[in-house]
1. Roll a 1.4 Å probe over the protein chains and send me the accessible area per residue for the chain in Å².
2. Apply the Karplus curve 6.51 cos²θ - 1.76 cosθ + 1.60, θ = phi - 60°, to the phi angles in the range 213-222 and return the couplings in whole Hz, x for Gly and Pro.
3. Quick one: which residues, 5 or more positions from Ile115 or on another chain, have an amide H under 5 Å from its amide H? H modelled 1.01 Å from N in the peptide plane, none for Pro or chain starts.
4. Rank these by accessible area, largest first, 1.4 Å probe: Val147, Val154.
5. Which one of Pro298, Gly260, Phe281 is farthest out on the positive end of the charge dipole of the range 198-311, using unit charges on Cβ (Lys, Arg +1; Asp, Glu -1) and the Cα centre as origin?
6. Suppose the Debye formula is applied to equal point scatterers at every Cα of the chain; what is log10 I(q)/I(0) at q = 0.08, 0.11, 0.14 Å⁻¹?
7. Kindly write out, for the range 287-298 in residue order, the coupling ³J(HN,Hα) from the Karplus curve 6.51 cos²θ - 1.76 cosθ + 1.60 (θ = phi - 60°), rounded to whole Hz, with x marking Gly and Pro.
8. Residues with beta-carbon under 13 Å from that of Gly176, excluding Gly176: net charge, scoring Lys, Arg +1 and Asp, Glu -1?
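The values are calculated or read from the model by the stated rules, or taken from the named source; none is laboratory data. Source: prediction; values computed, not measured. Here Cβ is always computed from backbone atoms with ideal geometry, including for glycine, and neighbour counts include all displayed protein chains. Ligands, DNA and RNA are excluded from the accessible area calculation, which covers all protein heavy atoms including side chains. Shrake-Rupley method; radii C 1.70, N 1.55, O 1.52, S 1.80 Å.
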Amino acid sequence: MFSIFKKKGNNGDIPEWASFFTNSEYQTFDKEVNRYFEKLKIEFSINDGIVNLVENEFGFDNLGLTNVAQVCKQEKTKYYREIISEHFDSLIRTHKFELEFDKIADNFEKVKKYIGVRLYDNEYVSYIGKELTIGRDFAGDIYAMIVLDFPDSVLSIKPEQIKPWNKSVDELYEIGKKNIREKYPINLSKEKFGEFSIMFGNADHFFTPNIVFDLETKSELVGTYGSIIGLPHRHSALIYPIENLEVVKAINGMIPAVYGMNQEGPGSLSNNIFWYFDNKFTQLPYKLENDKLQFIPPDNFVEILNKLEKE
């Protein structure tokens, strides 16, 4: 759960995008991906972690492999075929669902239940085009996007799509947070981590990081001086309530854990840590090089540390 995920050296047989695999894991993964598309009897090619398709039922000409590869990495190779098949089958189901959804897309009362909010990293948002989404800058490298939460997928909403709904972005944002809160419970547990404990949130769905929207309603997650929060990927959240100077040890332990979990994925979100205090999220900068950690706290957080040192 808290491993530092280090990439293995590329031995020439494993492409850089999949360097977290061992040679045998990658060979199995590659074989099963090829097997899946050969079974569909469609023309395809695979280049640099992208499946390029000609005529197909997916609704896309290009399909990425990184996320499904990260999911496979978490499991034994005997499960790769099942994971890969379900991943791509769900994309076909999604395309068929979207075609039906388009028939009701302008009717807000019918689409309201599908509206959600999901946290994404800014790099991904820039890739798809931030101007083609609606949402808010959340904190640091994280963007809170208003989305359509379908049975098999989560899709961004383009600004022009909301015009027939006659709803403001603020209204959609609150509706989306409420829908996700009601549909997706998050498992919370207190976990011993070295000399201290953290609150650990996890779930199989994509919305575990949304716990940040409910901190004030969960007293066990916020200390007198706020909380240190890590959101490494879509399935996990690490939270340390701040009460005393033990927070220094917590930060030194949480940074490499969050960094490693973020690399491991799937659905990587942020390798940063954040300080939640007085209803605000502040990124706490650091550098992690050659197994050496350099923590660079902002002035307002230094003030808290100085205050704790005197208590």
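1. Values: 16360 Å² over 311 residues.
Heavy-atom accessible area per residue stands at 53 Å².
2. Values per residue, Gly and Pro as x: 7, 10, 4, 6, 9, 10, 4, 6, 9, 10 Hz.
3. Those lying under 5 Å, H to H, from Ile115 are Asp149.
4. On the way: Val147 0, Val154 30 Å².
Correct descending sequence by accessible area is Val154, Val147.
5. Farthest along the dipole direction, towards plus: Gly260.
6. One equal scatterer on each Cα of the chain leads to -0.42, -0.78, -1.18.
7. 10, 10, 9, 6, 6, 10, 9, 10, 9, 10, x, x
8. Numbers: positive: Lys112, Lys113, Arg118, Arg136, Lys167, Lys177, Lys178, Arg181, Lys183; negative: Asp149, Asp170, Glu171, Glu174, Glu182.
Surrounding charge for Gly176 is +4.
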